[in-house]
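Working notes, structure below.
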Ligand SMILES: [Zn+2]
């Protein structure tokens, strides 16, 4: 099991470590995340993890499956 994501009012940790002008809302939950520029993602890390579970390990991150 993974840790449940914090409330969407909490920014993604990546949003705290990147320049402020690279921060934007997650495409799925509107949480603040590192959206633009190098290393950015349209999804926050929690939505990305969920998407990768759906799409399978082809999305670079391999999750353990039963
Ligand atoms: Zn999200």
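Tabulated data for the structure shown
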{"item": "Projected label distance in nm at residue 38 and residue 10, using a 7 Å step from Cα toward the beta-carbon", "result": "3.0 nm"}
{"item": "Global geometry of the range 13-58, whether rounded, prolate or oblate, following the gyration tensor of its Cα atoms and the 1.5 cut on a/c", "result": "prolate"}
{"item": "In nm, spacing of pseudo-spin labels at residue 21 and residue 49 (7 Å Cα→C-beta vector)", "result": "3.2 nm"}
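Laboratory data are not the source of any read-out in this text; all were calculated from the coordinates shown. What you see is a predicted model; the values in this text were computed from it and never measured. We place every Cβ from the backbone using ideal geometry, glycine too, and count neighbours over all the protein chains shown.
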